[in-house]
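The structure that follows is given in the form of structure tokens.
The values are calculated or read from the model by the stated rules, or taken from the named source; none is laboratory data. Quick caveat, the model's predicted, so the values are computed rather than measured. Glycine gets a Cβ as well: all are built from the backbone with ideal geometry, and neighbour counts include every protein chain shown.
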Amino acid sequence: MNTILVIDSAVSGEASVSKSLVREAVGALSAGIQARIVRRDLGRDPVPHLTEVTLAGVRGEPATAAELAARALSDTLIAELRAADTIVIGAPMYNFSVPTGLRSWFDYVLRAGETFRYTEAGPEGLLAGKRVIVVESRGGLYSEGPAQALDFQEPYLRHLLGFIGLTDVTFVRAEKIGYGPEARAAAIAAATADLRATAGELARAA
Ligand SMILES: Cc1cc2nc3c(=O)[nH]c(=O)nc-3n(C[C@H](O)[C@H](O)[C@H](O)COP(=O)(O)O)c2cc1C
């Protein structure tokens, strides 16, 4: 059975553009097939930021109860990634990058020996063979024009995902969400069409 891991990170609840587009993507990906859908809503239920009392759970040898809890959470999040055939990530642009909830999730899943390893040729990602769709909602326009250099969201996500071996990534953007109702509606319609096309391609390739 196809397993789809769905990760939302917007903190805007039901008003969220990225969450509604992620729902659209998951609907299109699971239409007509038996799919197991696993959800993480990092906006509603964030994973805690690493602190000095939990860090060793992820990047060290856990010993205390807090460290062991952080290790258990990291193990769970990595197991969700490993079990997924397809991963759909909702990633709004917040302050030119990603929401802190998503940033914190990466702190738990980038683990040496588990999702990447160091080799003589440099770091190597260990999560191969998965397809990823990232939905990016943005108030402004970054895919072209003067603000292109301020896009610390898509290159950052591409690098982090690639670092753990997730290189088959399709980015679908809903831009100019803050440019008024018409621009917003047009952006959502265009992104919805892109998502349906991408989901159709993935379904045919599966
Ligand atoms: C905290 C915060 C920071 C934001 N920073 C930016 C930004 O740097 N650039 C931008 O174009 N839009 C920015 N926006 C607008 C969002 O990208 C836009 O509203 C998008 O639709 C949010 O996704 P969502 O609807 O899924 O929550 C920001 C919004 C919030 C809430």
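Quick check on my filter: what residues within segment 57-84 are closer than 30 Å to V172 by Cβ and either within 16 Å of the ligand (Cβ to nearest atom) or part of a loop (DSSP other than H, G, I, E, B) (or both)?
Scanning segment 57-84 gives a single hit, A84.
Hey, can you tell me all the residues within segment 131-150 that are within 15 Å of V98 (Cα to Cα) and out of contact with any strand residue (DSSP E or B) (no Cβ under 9 Å at 6 or more places or on another chain)?
Across segment 131-150, the qualifying residues are G139, G140, L150.
From the list A203, A199, which residue is away from the ligand (no atom under 16 Å from the Cβ), crowded, with 20+ Cβ neighbours inside 10 Å and not in a loop (DSSP other than H, G, I, E, B)?
On the way: A203 fails: crowded, with 20+ Cβ neighbours inside 10 Å.
Only one candidate passes the filter, namely A199.
For segment 54-87, name all the residues that are farther than 12 Å from V109 by Cβ, without any contact (Cβ under 8 Å) to a residue 40 or more places away in the chain and surrounded by 13 or more Cβ atoms within 10 Å (Cβ to Cβ).
Those that are farther than 12 Å from V109 by Cβ, without any contact (Cβ under 8 Å) to a residue 40 or more places away in the chain and surrounded by 13 or more Cβ atoms within 10 Å (Cβ to Cβ): T54, L55, A56, G57, P62, A66, E67, L68, A69, A70, R71.
Per-residue answers, yes or no, for (1) over 23 Å from D168 (Cβ atoms); (2) aromatic (F, W, Y); (3) more than 12 Å from the chain's Cα centre (by Cα):
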residue	(1), (2), (3)
S12	yes, no, yes
S20	yes, no, yes
L29	no, no, yes
L55	yes, no, yes
T86	no, no, no
P92	no, no, no
V98	no, no, no
F106	no, yes, no
A112	no, no, yes
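Taking segment 106-144, which residues are within 16 Å of the ligand (Cβ to nearest atom) and either modelled with pLDDT under 95 or not polar (S, T, N, Q) (or both)?
Passing the criteria: I133, V134, V135, E136, R138, G139, G140, L141, Y142, E144.
For segment 115-140, which residues satisfy the criterion of being under 18 Å from the mean Cα position of the chain (by Cα) and assigned to a strand (DSSP E or B)?
The initial filter retains those residues of segment 115-140 that are under 18 Å from the mean Cα position of the chain (by Cα), namely 115-116, 125-138.
Result: F116, G125, R131, V132, I133, V134, V135, E136, S137.
Here's a follow-up. Return a yes/no flag: does segment 146-167 have any residue that is assigned to a strand (DSSP E or B), farther than 20 Å from A15 by Cβ, hydrophobic (A, V, I, L, M, F, W, C) and touching a helix residue (DSSP H, G or I) at 6+ places or on another chain (Cβ under 8 Å).
Filtering segment 146-167 down to residues assigned to a strand (DSSP E or B) leaves none.
Among the residues of segment 146-167, not one is assigned to a strand (DSSP E or B), farther than 20 Å from A15 by Cβ, hydrophobic (A, V, I, L, M, F, W, C) and touching a helix residue (DSSP H, G or I) at 6+ places or on another chain (Cβ under 8 Å), which makes the answer no.
Looking at segment 147-206, which of its residues are closer than 12 Å to V135 by Cα and either touching a Gly at 6+ places or on another chain (Cβ under 6 Å) or of a type in the set (S, T, N, Q) (or both)?
Listed by number, the residues that qualify are Q153, T170, T192, T198.
Applying the selection to segment 85-97, what residues are within 10 Å of the ligand (Cβ to nearest atom) and either of a type in the set (S, T, N, Q) or touching a strand residue (DSSP E or B) at 6+ places or on another chain (Cβ under 9 Å) (or both)?
Here is the first cut: in segment 85-97, the residues within 10 Å of the ligand (Cβ to nearest atom) are 90-97.
The answer is G90, A91, P92, M93, N95, S97.
Return yes or no: is T115 surrounded by 15 or more Cβ atoms within 10 Å (Cβ to Cβ) and of a type in the set (S, T, Y)? Quick ask: steps written out before the conclusion?
Working: surrounded by 15 or more Cβ atoms within 10 Å (Cβ to Cβ): yes; of a type in the set (S, T, Y): yes.
Judged against the criteria, T115 is a match.
What's the number of the only condition in (1) part of a loop (DSSP other than H, G, I, E, B); (2) among the polar types (S, T, N, Q); (3) under 13 Å from the mean Cα position of the chain (by Cα) that S143 fails to meet?
Result: S143 passes all but (3).
Let me ask something additional. Test A25 against the criterion of being within 16 Å of the ligand (Cβ to nearest atom), crowded, with 19+ Cβ neighbours inside 10 Å and closer than 24 Å to A193 by Cβ, and give yes or no. Lay out the reasoning, then the answer.
On the way: within 16 Å of the ligand (Cβ to nearest atom): yes; crowded, with 19+ Cβ neighbours inside 10 Å: yes; closer than 24 Å to A193 by Cβ: yes.
Criteria met by A25.
How many residues, within segment 145-171, are crowded, with 16+ Cβ neighbours inside 10 Å and within 11 Å of the ligand (Cβ to nearest atom)?
2
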